[in-house]
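Shown next, in structure tokens, is the structure this report addresses.
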Amino acid sequence: MRKALSLIVFATVAAAIWASGRLGGDWRIDEAHKISETARLSPRAWQNSRAERANPPVGKWIFALAAPAVPYDPAFTERAARGERVPPPHLAPAYLRALPRVRLVSLLATALTAALVYVLSDSLLAVLLYYFSFLAQTFSATAVFDPLLTLLVVAAAVPVARKVTWPRTVASAMLAALAIDVRLSGALALAGVVALLLVQRRFVEAGAASAIAFALAAALNPFFFSQFGDLRILLAETGEHRLRPLEKLRFVSEYAFGDWVGIAILIGVFFAVFKPREPLLAWAATITLLFTAWLPVGYPRYVLVVIPALAVAAAHGYRHGVVAAGRLARRANRGPTRSTTSYDGSGRNEST
């Protein structure tokens, strides 16, 4: 039944995004840059640009498989990495052919994430909270890597969320490695997997998952160990404002809880605090707290990666709230225990 409903969720969300018209429209933030990266798939090409080395390869590979090849223009690639949205005339036809196909990757990633949110939570409410959130709606068909990263963070948790075996552990580790090689912040996927294993007291599996994930991520990415330095230098060169701790908290709260769906998520998360003995809450808390502590700059699309975790936690909280309210209602209906006292003439009081 769960599999059938997850397929229905996937098909429904995919159809809703398709019908919304989000596959069309003008160029959006960073789309031209992400498409330009598909022309730089060889390690030799990556060596020429710190901006390109700082981005792992898996997202580029998937976008390149989805779209026709685009011509390589190093000058535009550098400008696009610094915010130029529209490709120049000599590149525009090829980029426009690639755009809807790469947006389709984000559509499928969003629909798959919705299906896996249902698999994790057994709750259609969690699906609704995720899909109708501001960030999921905004980036559900936008050609950036964030929907793909979000999918892999959720997918990595699925194998070990309810049952831990060695094949399941290896599968989660491999999915976490792919997340790391979409963006280095994909290490959140591994952190969530480790949290799930630790709360289930599978300490050996947690250590093995970490080793497998990092080994595979390094094997797939020829610049894995240099990327950390490249990112620090790139942030310094671009002059991006680095968020301070309170700014990080405010920024994440603004984009995760800033509309009516976000408020509904926040209320559900508040209820979940009163019923914390649930492995998925450890997963959700780990991802959300580590992401907030890490967030270096204020890019709204980065926050998308924590929305499924918050939606799962909120659905758990509402479930707990409904159960608790039902118990209170039953107690109120029963009312207080009534007692009557009579005297039987023998010096004893009898209560009924």
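Return a yes/no flag: does the range 68-84 have any residue that is modelled with pLDDT of 90 or more and either within 30 Å of the chain's Cα centre (by Cα) or part of a loop (DSSP other than H, G, I, E, B) (or both).
In the first step, residues of the range 68-84 are kept if they are modelled with pLDDT of 90 or more; the result is none.
Scanning the range 68-84, I find no residue that is modelled with pLDDT of 90 or more and either within 30 Å of the chain's Cα centre (by Cα) or part of a loop (DSSP other than H, G, I, E, B) (or both), so the answer is no.
Please go through the range 269-312 and pick out each residue that is in contact with a Gly (Cβ under 7 Å, 6 or more places away or on another chain) and either aliphatic (A, V, I, L, M) or at pLDDT 95 or above (or both).
Passing the criteria: V269, A272, W283, T286, I287.
Restricting to the range 249-268, name every residue that is crowded, with 19+ Cβ neighbours inside 10 Å and within 23 Å of A187 (Cα to Cα).
Answer for the range 249-268, where residues must be crowded, with 19+ Cβ neighbours inside 10 Å and within 23 Å of A187 (Cα to Cα): F251, V252, Y255, A256.
Would you please name the residue that is surrounded by the fewest Cβ atoms within 10 Å (Cβ to Cβ), looking only at residues in the range 56-83 that are small (G, A, S) and within 18 Å of P147 (Cβ to Cβ)? Can you show your working first?
Of the residues in the range 56-83, the ones small (G, A, S) are 59, 64, 66-67, 69, 75, 80-81, 83.
So of that shortlist, the ones also within 18 Å of P147 (Cβ to Cβ) come out as 59, 64, 66-67.
Details: G59: 24, A64: 20, A66: 18, A67: 22.
This residue is A66.
How many residues does the range 252-280 hold that are without any contact (Cβ under 8 Å) to a residue 40 or more places away in the chain and either under 21 Å from V322 (Cβ atoms) or among the hydrophobic types (A, V, I, L, M, F, W, C) (or both)?
Of the residues in the range 252-280, 6 are without any contact (Cβ under 8 Å) to a residue 40 or more places away in the chain and either under 21 Å from V322 (Cβ atoms) or among the hydrophobic types (A, V, I, L, M, F, W, C) (or both).
Do you know which residues across the range 3-22 are loosely packed, with under 14 Cβ neighbours inside 10 Å and among the charged types (D, E, K, R)? Break it down into steps so the answer makes sense when it comes.
Residues of the range 3-22 loosely packed, with under 14 Cβ neighbours inside 10 Å: 3-4, 7-8, 11, 15, 19-21.
Hit for the range 3-22 is K3, nothing else.
Among R183, R168, which is the only one that is over 14 Å from the mean Cα position of the chain (by Cα) and over 19 Å from S6 (Cα atoms)?
Working: R183 fails: over 14 Å from the mean Cα position of the chain (by Cα).
None of the others qualify; the one that does is R168.
Given (1) farther than 26 Å from I29 by Cα; (2) at pLDDT 95 or above; (3) not acidic (D, E), identify the lone condition not met by A189.
(1)
With the checklist (1) aromatic (F, W, Y); (2) surrounded by fewer than 12 Cβ atoms within 10 Å (Cβ to Cβ); (3) within 20 Å of N55 (Cα to Cα) in hand, flag the one item F224 doesn't pass.
Of (1) aromatic (F, W, Y); (2) surrounded by fewer than 12 Cβ atoms within 10 Å (Cβ to Cβ); (3) within 20 Å of N55 (Cα to Cα), only one is false for F224: (2).
Could you list, in sequence order, the residues of the range 91-119 that are within 17 Å of W27 (Cβ to Cβ), of a type outside the set (A, V, I, L, M) and touching a helix residue (DSSP H, G or I) at 6+ places or on another chain (Cβ under 9 Å)?
Across the range 91-119, the qualifying residues are Y95, R101, R103, S106.
For F223, which of the numbered conditions (1) assigned to a helix (DSSP H, G or I); (2) hydrophobic (A, V, I, L, M, F, W, C); (3) at pLDDT below 95; (4) touching a Pro at 6+ places or on another chain (Cβ under 8 Å) fails to hold?
(1)
I need every pair where a residue in the range 209-235 that is closer than 15 Å to V182 by Cβ has its Cβ under 7 Å from the Cβ of a residue that is of a type in the set (D, E) and surrounded by 13 or more Cβ atoms within 10 Å (Cβ to Cβ), sequence separation at least 6 or different chains.
Partner pairs satisfying both residue conditions: A217/D181; L220/D181; N221/D181.
Give all pairs with beta carbons closer than 8 Å in which a residue from the range 150-178 that is basic (K, R) meets a residue that is in a loop (DSSP other than H, G, I, E, B) and surrounded by 24 or more Cβ atoms within 10 Å (Cβ to Cβ); count only pairs at least 6 apart in sequence or on separate chains.
Sorted first by the residue in the range 150-178, then by its partner, the pairs are R168/V160.
Look at R202 and say whether it is surrounded by 13 or more Cβ atoms within 10 Å (Cβ to Cβ), over 22 Å from the mean Cα position of the chain (by Cα) and over 22 Å from A81 (Cβ atoms).
Details: surrounded by 13 or more Cβ atoms within 10 Å (Cβ to Cβ): yes; over 22 Å from the mean Cα position of the chain (by Cα): yes; over 22 Å from A81 (Cβ atoms): yes.
In short, yes.
The values are calculated or read from the model by the stated rules, or taken from the named source; none is laboratory data. For clarity, every value in this text was computed on a predicted model and none was experimentally measured. Neighbour counts are summed over all protein chains in view; Cβ atoms, including those assigned to glycine, are modelled from backbone coordinates with ideal geometry.
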